[in-house]
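Every number in this text was worked out from the coordinates using simple rules, so none of it is lab data. All values reported here derive from a predicted model rather than from experimental measurement. Neighbour counts are summed over all protein chains in view; Cβ atoms, including those assigned to glycine, are modelled from backbone coordinates with ideal geometry.
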Amino acid sequence: MALSPTAAQRRIIDAADPATGRLRGTPAQLAALVKRGLAFRHPRPPHDHFLTPAGHRIRETADEPDAVAPAPGTPAAPDAGGVFAARVGGEEPAPGGSGPARLREVRGAWQGLLELRRMTHPDGSTDRPCAWERSHLVRAAALALEAAGHRPAGPDGADGYRVRATPQPEAVAVYEPDDTALRTCAATLERAGWQVGEHTEPRTRARYLLASPRKV
């Protein structure tokens, strides 16, 4: 779980490279940031450390009066204790609803996720999901949809998208009662690097999407 940094760690975060998020510090300081979910160690030599999306959000929102918790950035539970989580549909609206603070939070989380893709893919690409997304399929797909402006379903489960886990490995189901909106969700996920197929539930005849992260 991403934890709030200490004052010393905050200074390291503030001093990160504004373009790449590269960090400078002692091994112990960098390891502590990794443990808090605010940095990650690049798998390739020279194994530099970089801000995760959570670290980027802390730096970006520090001076905002309505700053919110950081976005997901490492393979850890992004919806645990006060950490940002994209809406999967069917839950109570996040604090602030769909207002400016929420929109800013979602946009920052998506940009941070694209940066995480760039830094963790060997070819530096951002057009396909990264390891974090593959280990958090529902949250990753929901973030792609919410960041693109799709409306999540409310607690009553009526209009809006709902992203749910499936028994299939590396696949989520996306439900949306409006056929046009469902096809728009499919287009959004495809642009975000997901493979998408439309299916019909045998019992209810409801249409839904089956989406999985594209590997190449």
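Taking 7 Å steps out from each Cα toward its Cβ at Q195 and H121 produces label points 1.6 nm apart. For the pair A31 and D179, the difference between a 0.36 nm per residue extended length and the Cα-Cα distance amounts to 48.5 nm. In order along region 144-154, phi translates into HN-Hα couplings of 4, 6, 5, 5, 8, x, 6, 9, x, 5, x Hz, rounded to whole numbers, per the Karplus curve 6.51 cos²θ - 1.76 cosθ + 1.60 with θ = phi - 60° and x for Gly and Pro.
Put the Cα centre of region 186-216 next to the Cα centre of region 137-163 and the gap is 13 Å.
The stretch between R203 and A148, if pulled fully straight at 0.36 nm per residue, gains 16.7 nm over its current Cα-Cα span.
Placing a label point 7 Å from the Cα of E92 along the Cα-to-Cβ line, the residues of region 150-164 whose backbone N sits under 16 Å from it are 154-157. Computed from the C-beta positions of V216 and E170, the FRET efficiency with R₀ = 22 Å rounds to 0.95.
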